[in-house]
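Comments concern the structure below.
The values are calculated or read from the model by the stated rules, or taken from the named source; none is laboratory data. Values in this document were obtained by computation on a predicted structure and should not be read as measured data. Cβ sites come from the backbone with ideal geometry, for glycine too, and all protein chains shown count toward neighbours.
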Amino acid sequence: MKKLTLLNLFFPGAAWLALAAGVRLAAVPLPAAAEVHVQPDAGSPVLQVLPVGSEPFAATGVAAPAGWQAVTLPGAHEVLVHNGDLLKDLTPRPGASYLWRPAGAKAGATVEVATAERGDLAVIIGLQGGYTKIRLSKPLVGYIVASAMSPVEPPAPVSAVVAVPPPVVAPVPDVVSVPSPVVSSVATPATGPVAPAPVPTKGDGGDSPRLFQGTLTSTRSLLHPRRPYDYQLNDINGQPYAYLDIRKLTATTQPDADLGRTVVVYGVARSEPDEVLMVIAAETIDAR
């Protein structure tokens, strides 16, 4: 397996910046499964189906027509490039098209899902006719119907009308005794200012942490030699695309509790010599 260039890992183009500045689209999870289309067209191929409860991220700087919302799909993706679009060092030519073939489509039926940029983290994983199959570790941009993000509100309950008899007014006495006010001898503690939430700090070397999504799995196995890290992230196809360095996690964070679940990792990615997978120095792990 040939590892492609890892230069400029943290700044490979607008797609990574969109993920870094990603904002959740809704304050509540998706009320129903939502299809992510390649284009803002209901007839275009479906890249992925977001399950119920997902919280999609907006694609910053990507315009979408009325009724649609552009979103980012983090994690690794399997894409194709034309064999003629590979340079001598087997890196994708900047400006070349990353192609995707929908399931069940004919051999030549592909659609463009992204554009190659210098420094893309990509690994060759096979050949398919005139194409080279690549595992691409950067987000893709897709489109979902905006109405899919609207929470379903239950109908307001209908209040029953109940006849209430008029209140009975008690006779007012000639003299009303008013008790003296009681002054408490206990001083009310003063309320101090609320401490602001901690601001995430930058990672080693001044590189800004980013968000990465995938299935958290363990690398430990009796049948395989020990891996350099005990945990890894798998993409939607079950293929590993990143190791997790958990030394920065708090003592209360227990990754074993989230094994097999989809998680969002906040941390700094880096490459290491002789390693095909990138390594993420995790600062937080949030189970979905």
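Residue check: is L90 in contact with a Leu (Cβ under 9 Å, 6 or more places away or on another chain), without any contact (Cβ under 8 Å) to a residue 40 or more places away in the chain and not in a helix (DSSP H, G or I)? Against the criterion (in contact with a Leu (Cβ under 9 Å, 6 or more places away or on another chain), without any contact (Cβ under 8 Å) to a residue 40 or more places away in the chain and not in a helix (DSSP H, G or I)), L90 does not qualify. Of the set (1) touching a His at 6+ places or on another chain (Cβ under 8 Å); (2) within 23 Å of I124 (Cβ to Cβ); (3) modelled with pLDDT of 90 or more, all apply to W100 but (3).
Taking the conditions (1) among the basic types (K, R); (2) modelled with pLDDT of 90 or more; (3) touching a Ser or Thr at 6+ places or on another chain (Cβ under 9 Å) in turn, R288 satisfies each one other than (2).
Considering segment 226-236, the residues that are assigned to a loop (DSSP other than H, G, I, E, B) and over 16 Å from the mean Cα position of the chain (by Cα) include one that is modelled with the lowest pLDDT, namely R226.
Scanning segment 258-282 for residues being without any contact (Cβ under 8 Å) to a residue 24 or more places away in the chain and not in a loop (DSSP other than H, G, I, E, B) gives a total of 0.
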